[in-house]
């Protein structure tokens, strides 16, 4: 390029920039410009500048070519070469890396007085500051009457920017008028509010502005010694400030005879040491005096007696930085900016759930909505705005409804918040406001000096109450206690920290009370943050609400007995479920999003087997025995679970079972290769050990009625009679020899009765019963077993692992096939006439309706046909269940919450209510009914059913090295060899070894510990 | 000089320069305190002495031990707001110190009999009034005690929380402590001064030159001697227990009288 170009490159070196690597970008520019010097006509001026504002886009680089500014965002050292080549040398901006309209909007909507030079000038150069008019105001002031200077500041309406909002001019005047020759000026640079970085931006971006302000102030007040108390956590700001002070001294702006007048003034830098309370004026002074930073209780203004007992004027960084522009441009100019009682501009730090995190400067009185949406860019990730906390940890939270308020001292105060130092923390729908209140109370308590009773003891109690609420121990009286304590702490605290600490609690109680109530009454955190009230997905999805993460973690730690105890809080059949449960928890397991879900079911089975073998049983602790007795009808999982949980409460339980052996479908439905009967016996033994009596071969309807039970003195009854009546195919000759219903076949098999044999067996149906039957028949020397199912594998309800097992064992599955008629000879089945189906539109269940394909009929040879298309409840005789209503599809009608039937004192659960479902759902029903029955007997009108599952244990995080975590994989559960499977009913699943189980348990991501 | 003010609806005269607390007590009005002691500069941290003011001062709450009286001041020591604050302050103190008889008695005197905030897991009698620290530092000048840590963990302790080399074993702290959190025990020839957190000072008691009973630590006697010699310009010579010292003194006086 032949033309001479004036090129200036400004790279953001505010903290956001430095953290994003601006030093490396500067180095890259230096290196590349050095290398390419021959190709560039003029050496570009390269500057580090202060904070450019929109920290979210760092590293930001402003390239000025002949006065036109191009801004690059997210600049990395790797991008520099292309920028130099294409743009600086080639004249073509690299469009894809330039900032967008949103960035321009961010700045366009601001009004920059103090930030005007941040990002324009090099903060490490006093000349850069002087070039833009720096120190001209101080020079001007040296020729003014000090009183006039104070009048100007008063007239401008400048209010302290540290949070107090006290009129600066009046403060200066009081200090000037105070008795004594020695006076001090202090700059409070102990910016302690979390999320606030305004003072930092000024100190790192334009420190001379603060120095100039203090020079003007010291002149007006008559002080020769100033201090900047700056927090040690701002090393970059400290460095730049010290640099600037030295430069100012060199130029004669500080020291003796400043500005060539007979005036002295110098500034010392004092570092803080990590105490938020030292941002409080009197504590800050105590700290400068070399004592522990503790606020002073006395009612005397520091302008009268402050540092070392002398009149002291303390102002915030931003306040001081406002002084030079006011002197330069006049009080009237300044008073023309802002709102009626809040003049000038204010810096805000936008933090939290907001797109454009960074520093902004706007005139006082701008609507909050404009700040958050127009400048801030709104909430990221499509989330909804919830609240914005203004003013630091003692600020209030402002909800959506108040977003149109103008941001100034009065309006924020009316809304229950404060201006504070200017921090704005934005919160979205995923923020729990109770957790926010707890966090900030903890912060204030942590930072409290501890001198006065209300703050020290009061905040401690508030923290405890808020912790209780977020951990599910909230009580009704807590809310009033929080309000009362807030009032007391505000009234009687010694200093501003205490007085404002309750603000977050007060404002969240004012605007988000329903969240508190959800935590207290429902034990539920609507935002999903409080981990005790937000179960892990596995825990949440388990129908019985078993605390999965806790027992998995206990297994990892080798504490198997405790693991079983946790399981039994919600499920008294851990071993059975460890074998037969479809494990919806595994379906929700977050580990499954990474690689494979945790093998939760197998872990449960392992732990139960371990404990059963080691201890011979589980030891539930029964509460004091009561007098009342409860009758349970049906000894399946629903009935026995109801019995178990009632027995724990001390009730005397008698279980009436129609069949010869207890267990319900566990006994007569599930075949032994899936659930060995001796295992079932061992588990049922636990119930008997508790004193539960089981009377077999005693059926409701045939042998007794509900009236009989009440006559016998039972206080309540639970009906868990299951769904054992098979649904017929509706075909002719279904009663022929060689045709047996699936559940009847399994019942005979499981009760040790002879079962019909066949060589070509056809099983009709696609559920677990059909597959159980098929796999059982295979073991009974059938030559060929075929399952006929009218839809495809995708719609087949049986568990995938069962289907897999069946196929391994040689079972054939004929999809899209249905029987049309049963073919017999001499009264015995010889075959089926079948027809192929195709899938049409979905039916009521959402599954696609099978439609017969005309002309596709064929004959299937078969000497044993086993329909297994479903079951319903066998309804006992009307007389025996008087008062208990039945619903249309044949189950008991119950209250959805309490499982109470239409007859008082009679409850029902399991398949008898839901129709055929899973074991774990039956267990959940039995447990829920037990709670309801217990409440009924005790006369408790309103039993509390927790709306979400509760944690049953607190288990610490387990240390697993990253290496190990990467190696662990979901194990394949060892299975019995095929040869054995074809001729015995031995258990197919062999279970995990202890090592395999503990390793598998370590893969758990512990979603219960998140947040 | 006197000022005219109103105390609980009664017009009274008060000495300029005195605090509301001192004035109230002089007029028989009982305001509870923990961190106040006539011998020490008021600290104003326990907040129990709060009152409600108006008139010459903008209406609001004031801490009476550090607020001086003035002409036209209106003070109410039993307003609803004051009583409510006091109630909660006592309950908060009792939550941490449920076993301090002195605190229980003081609270009961002001109608507070139990604390709704007590969780059953604290029995720390120290109310952080600072009287021990202030007495030791400002009156005795031994500098053996200090406050350490912040917030709820703020506690009275010694340098590095270990046995103090500055403690002279005078026991002023134990005597001035309003709740019995810091104690002194003499057992035979040993004196220890201790809190729940640890031992402040441990001393061998010197025996009386005359009667032989153990009565004071050497460090304490040296301290008294140093300060007495300076102020009395004579040397305090013998190690005498208080009883023998009195007798000896009396004998000397009688002796000098009969001369």
For the modelled label position 7 Å from the Cα of residue A:66 along Cα-to-Cβ, which residues of segment A:91-108 have backbone nitrogen atoms closer than 13 Å? A:91-92
Along the Cα-to-Cβ line of residue A:966, 7 Å from the Cα, sits a label point; which residues in segment A:588-610 have backbone N less than 16 Å from it? A:595
Between helix B:242-258 and chain B: long-axis angle, C-alpha atoms, 0 to 90°, nearest 10: 70
Estimated FRET transfer efficiency when R0 is 30 angstrom, pair residue A:814-residue A:748 (beta carbons, to 0.05): 0.75
Report, please, the projected area of segment B:131-254 averaged over directions, based on the convex hull of its C-alpha atoms, in nm². 8.7
Just need the relative contact order of chain A here, percent rounded to a whole number, with Cα pairs under 8 Å and 6+ apart. 9
Tail beyond 26 Å, pair distance distribution of segment A:732-890 (Cα, percent): 32
Using only the alpha-carbon atoms of segment A:519-622, report the extent along each of the three principal axes, biggest first, to the nearest angstrom. 44, 38, 24
Mind checking the angle between helix A:146-156 and chain A's longest principal axis? C-alpha axes, 0 to 90 degrees, to the nearest 10. 40
In what sequence, highest mean first, do A:115-123, A:648-656 appear when ranked by Cβ atoms within 10 angstrom? A:115-123, A:648-656
Restricting to bridges with both residues inside segment B:2-78, how much of the DSSP beta-bridge set is antiparallel, in percent to the nearest 5? 85
State log₁₀ I(q)/I(0) for segment B:1-144 at q = 0.14 Å⁻¹ as given by the Debye formula over alpha-carbon point scatterers of equal weight, solvent excluded. -0.71
If the label point is 7 Å along Cα→Cβ of residue B:123, which residues in segment B:185-201 have backbone nitrogen under 15 Å from it? B:196-197
Using the 10 angstrom Cβ neighbour count as an exposure proxy, how do A:334, A:299 rank, fewest first? A:299, A:334
With each pseudo-label sitting 7 Å past Cα toward Cβ, what's the residue A:959-residue A:400 distance in nm, one decimal? 4.6
Once both label points are put 7 Å beyond Cα along the C-beta direction, the residue B:84-residue A:92 separation in nm becomes 7.4
Given a Förster distance of 56 Å, report the FRET efficiency between residue A:260 and residue A:595 from their Cβ-Cβ distance, rounded to the nearest 0.05. 0.15
Exposure proxy check on B:229, A:491: fewest-to-most Cβ neighbours within 10 Å is B:229, A:491
Note to self: C-alpha centroids of segment A:398-443 and segment A:811-840 sit apart, in Å, by 70
Listed highest first by mean packing, meaning other Cβ atoms within 10 Å per residue, what order do B:85-97, A:83-95 come in? B:85-97, A:83-95
How many nm is it between the label spots at residue B:71 and residue A:513, if each spot is 7 Å from the Cα in line with the beta carbon? 4.9
How much length is gained on full extension from residue A:232 to residue A:85, taking 0.36 nm per residue of separation minus their Cα-Cα distance? 48.8 nm
I'm checking a number: the convex hull volume of the Cα atoms of the protein assembly as shown, normalised per residue, in Å³. What is it? 278
Could you work out the mean count of beta carbons from other protein chains within 10 Å of each residue's beta carbon in A:442-455? 6
Please pull out the direction-averaged projected area of segment A:68-182, using the convex hull of its alpha-carbon atoms, in nm² to one decimal place. 11.8
Projected onto their principal axes, the Cα atoms of segment A:159-208 stretch, largest extent first, over whole-Å spans of 39, 22, 16
Within 10 Å of the Cβ of an average residue in B:75-88, the count of other chain Cβ atoms is 2
Computed from the beta carbon distance with a Förster radius of 45 Å, FRET efficiency for residue B:209 and residue B:101 to the nearest 0.05 stands at 0.75
For the protein assembly as shown, what is the calculated [θ] at 222 nm in deg cm²/dmol (nearest 500), taking -39500 (n - 2.57) for each run of four or more DSSP H residues and dividing by its residue count? -10000 deg cm²/dmol
Alpha-carbon centroid distance for the pair segment B:101-176 / segment A:507-521, whole angstrom: 38
What average count of beta carbons from other chains do you get within 10 Å of the Cβ of residues in A:296-303? 3
Can you sort A:718, A:710 from fewest to most other Cβ atoms within 10 Å of each residue's own Cβ? A:710, A:718
Equivalent ellipsoid semi-axes, segment B:2-78, via Cα gyration tensor eigenvalues times 5, rooted, Å: 18, 13, 11
Segment A:619-748: Cα Rg divided by the 2.2 N^0.38 Å rule of thumb: 1.20
Contour minus Cα-Cα distance for residue A:902 and residue A:142 (0.36 nm per residue): 264.3 nm
How long are the semi-axes of the equivalent ellipsoid of segment A:310-453, taking √(5λ) for every eigenvalue λ of the Cα gyration tensor, in whole Å from largest down? 27, 22, 13
Gain in length, residue A:858 to residue A:781, computed as 0.36 nm per residue apart minus the alpha-carbon separation, to one decimal in nm? 25.2 nm
By the gyration tensor of its Cα atoms, with a ≥ b ≥ c the square roots of the eigenvalues, what is the shape of chain B: rounded for a/c under 1.5, prolate for a/b over b/c, or oblate? oblate
Angle check, please: helix A:317-329 long axis (alpha carbons) against the longest principal axis of chain A (alpha carbons), in degrees 0 to 90, nearest 10. 40
Based on alpha-carbon centroids, what's the gap between segment A:529-570 and segment A:463-481 in Å, whole number please? 24
Tail weight of P(r) past 14 Å, computed on alpha-carbon pairs of segment A:595-643, percent: 73
Debye log10 I(q)/I(0) at q = 0.11, 0.17, 0.22 Å⁻¹ for segment A:466-576, Cα point scatterers: -0.53, -0.86, -1.15
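None of the figures in this text is laboratory data; all of them are computed from the coordinates on show. Predicted model only: the values in this text are computed from it and were never measured. Methodologically, a virtual Cβ is constructed for each residue, glycine included, from the backbone with ideal geometry; neighbour enumeration extends over all protein chains shown.
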